[in-house]
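This report refers to the structure that appears directly beneath it.
The values are calculated or read from the model by the stated rules, or taken from the named source; none is laboratory data. Everything numeric here is computed off the predicted structure, so don't read it as measured data. Because the Cβ atoms are built from the backbone with ideal geometry, glycine has one as well, and the counts that use them run over all protein chains shown.
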Amino acid sequence: MRHLINFLIRYSTWFVFAFYVVVSCILLFKNNSYQQSIYLTSANAVSSSIYGVRSDITSYIGLRTVNEELQARNADLTDEVLKLRQELKKYQGIVGDTADDKSDARFDYILATVLNNSTRHPRNYFSIDKGYKDGVHPGMGVVDHNGIIGIVNVAGAHTARVISVLNVTQPFSVKLMGTSYFGMLTWHGTDPSIAYVEEIPKHVRYKIGQKIITSGNSTAFPEGISVGTVMGQVRTDNDNFVTLKVRLSSDFSNLSNVRVIKDILKGELDNLAKYDNRDMKNKSNKD
Amino acid sequence: MNKTTIHIATLFITMLLLQTLIFNHVVLFHVAVPVVFIYFIIRMSTGLSQNVLLTLSFLLGLCVDIFSDTPGVNALCCTILAGVKKSVFYLYVQRDDNNKDIIPSISRLGILDYSKYLLTMTAIYCVLTFSVEYFSLASFKDIVIAAVSSTILSFILMLGLDSLIITPRAKRL
């Protein structure tokens, strides 16, 4: 207590000075409308700039949540687009009888985040934070907001390993947009932004910059998901087919939020494939 | 009531009346305003307690504010001026036992040192008071013109006032 009193006495001049300055300022800003208005304007400018900085920081921190929300919304919209496309085909008579009611909701999306990723090796894989407990199973396609990026290889309980498009052993069925000519998308192990579409018939007309999309022939990807754009043709030994050089839509060095595609008809289609296999085996045994 | 108190009270009232009744109504060339009442703060003895000086300065400023209808402006500037008074004084006068308790005047400090001290104090006050009045850096040019012209005018007036006031002959520093 004595120390406190000594302190107050020692610095009493400063306290007195501060007291009179504060009283003067109160008188000044309370009773002079001009100074008051300038004070309020300046205070508003300062507070608004501070709030602006705070808003920038919080909005930056909140980007992850916003991104996830956008991904979810994007997935819903993609789903809706695919449904509408199928509806359109149904009414145009292209799909016809094969498009039953279930086809409306054939594909579903599971949001996931890439845990680790590589683009340096000839056989690249990446991991995602969703496993079979979240509904992820081997054979499911994986896409990001730009296009296809891989196919699930192994599914653990909470994580899964995905074979990247940048894997020389994994081809993907694709087609030229606006045509019904299919080809196999393969990566040659060098540039992570370039892949090749092989087995395109030689007579097919294509344009530089034409889009390559998924063919929809597998249960992994629905038809129409972007893969890349045609850069040109590559010389091959095969006279009947050409190989197209393709710039991939996805940036494989920067994968973060992805979607795993779940085909609801996959079980049915796999069962049908088993029957086909069994028939072929029986036939070969008889022979 | 001792002599010093009477001297302070007389100077306080005189300066207040001079400022409010005469100098508040003078504006030279539409820019220069004489601020003579701060002579009270400038003339206060260096031996006077800082707390007393601050209180008297605040009260003087407040009184001038009441008469000038500028609440807080002069009170704030007078308080700050009283706060820096000692530091300014010892900028020009050597700090020793002889001048621990002296009343600053021409006769005590000599015309040169006193002028420097008076000019600095007046300039500080004028800059402060016009800055508070304009309260905006957009009016920087106006503040400078008003502060410089008022400082010169006030300095001349206070220098004249000091030579009029009879100070007991004392040993010059």
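Please work out which one of (1) in contact (Cβ under 8 Å) with a residue 24 or more places away in the chain; (2) within 14 Å of another protein chain (Cβ to nearest Cβ) is the condition B:Thr55 fails and give its number.
Exception for B:Thr55: condition (1).
Return the residues of segment A:236-256 that are surrounded by 19 or more Cβ atoms within 10 Å (Cβ to Cβ) and not in a strand (DSSP E or B); say none if nothing qualifies.
A:Ser249, A:Ser250, A:Phe252, A:Leu255
Among residues belonging to segment A:203-235 that are β-branched (Val, Ile, Thr) and under 26 Å from A:His137 (Cβ atoms), point out the one that is surrounded by the most Cβ atoms within 10 Å (Cβ to Cβ).
Within segment A:203-235, the match that is surrounded by the most Cβ atoms within 10 Å (Cβ to Cβ) is A:Val227.
Check whether at least one residue in segment B:41-55 is among the basic types (Lys, Arg) and surrounded by fewer than 17 Cβ atoms within 10 Å (Cβ to Cβ), and report yes or no.
There is no residue in segment B:41-55 that is among the basic types (Lys, Arg) and surrounded by fewer than 17 Cβ atoms within 10 Å (Cβ to Cβ).
Is there any pair linking a residue in segment B:70-83 that is within 14 Å of B:Met44 (Cα to Cα) to one that is of a type outside the set (S, T, N, Q) and outside any helix (DSSP H, G or I), with Cβ under 9 Å and at least six apart or on different chains, and which?
Close Cβ pairs satisfying both conditions: B:Cys78/B:Phe37; B:Cys78/B:Ile38; B:Leu81/B:Ile38; B:Ala82/B:Met44.
Conditions tested, residue by residue: (1) touching a helix residue (DSSP H, G or I) at 6+ places or on another chain (Cβ under 8 Å); (2) among the acidic types (Asp, Glu); (3) modelled with pLDDT of 90 or more; (4) surrounded by 18 or more Cβ atoms within 10 Å (Cβ to Cβ).
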| site | (1), (2), (3), (4) |
| --- | --- |
| B:Ala138 | no, no, no, no |
| B:Asp142 | yes, yes, no, no |
| B:Leu153 | no, no, yes, yes |
| B:Ser163 | yes, no, no, no |
| B:Thr167 | yes, no, no, no |
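Each row is one residue, and each column tells you yes or no for (1) within 25 Å of B:Pro71 (Cα to Cα); (2) within 11 Å of chain B (Cβ to nearest Cβ).
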residue	(1), (2)
A:Phe17	yes, yes
A:Leu40	yes, no
A:Asn44	yes, no
A:Ser48	no, no
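Conditions tested, residue by residue: (1) surrounded by fewer than 18 Cβ atoms within 10 Å (Cβ to Cβ); (2) in contact with a His (Cβ under 7 Å, 6 or more places away or on another chain); (3) part of a strand (DSSP E or B).
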residue	(1), (2), (3)
A:Asn124	no, no, yes
A:Lys133	yes, yes, no
A:Val136	no, no, no
A:Val152	no, yes, yes
A:His158	yes, no, no
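Can you spot a residue in segment B:130-149 that is in contact (Cβ under 8 Å) with a residue 24 or more places away in the chain and within 14 Å of chain A (Cβ to nearest Cβ)?
yes
Filter segment A:185-202 down to the residues that are surrounded by fewer than 17 Cβ atoms within 10 Å (Cβ to Cβ), under 23 Å from the mean Cα position of the chain (by Cα) and part of a strand (DSSP E or B) and list them by number.
A:Ile194
Can you tell me which residue among A:Arg64, A:Arg10 is of a type outside the set (S, T, N, Q) and away from every other protein chain (no Cβ under 14 Å)?
On the way: A:Arg10 fails: away from every other protein chain (no Cβ under 14 Å).
When all the criteria are applied, what remains is A:Arg64.
Restricting attention to segment B:58-85, which residues are among the acidic types (Asp, Glu) and facing another protein chain (nearest Cβ under 8 Å)?
Within segment B:58-85, B:Asp65 is the sole residue that qualifies.
Which of the residues belonging to segment B:1-13 are β-branched (Val, Ile, Thr), within 16 Å of B:Cys78 (Cβ to Cβ) and at pLDDT below 90?
B:Ile8, the sole residue that qualifies.
Given the criteria within 19 Å of the chain's Cα centre (by Cα) and either within 30 Å of A:Asp134 (Cβ to Cβ) or surrounded by fewer than 16 Cβ atoms within 10 Å (Cβ to Cβ) (or both), does A:Ser173 qualify?
No, not satisfied.
How do the pairs read when you match residues in segment A:77-93 that are over 13 Å from A:Glu223 (Cβ atoms) with residues anywhere that are hydroxyl-bearing (Ser, Thr, Tyr) and surrounded by 14 or more Cβ atoms within 10 Å (Cβ to Cβ), using Cβ under 7 Å and keeping only pairs 6 or more apart or on different chains?
A:Asp79/A:Tyr109
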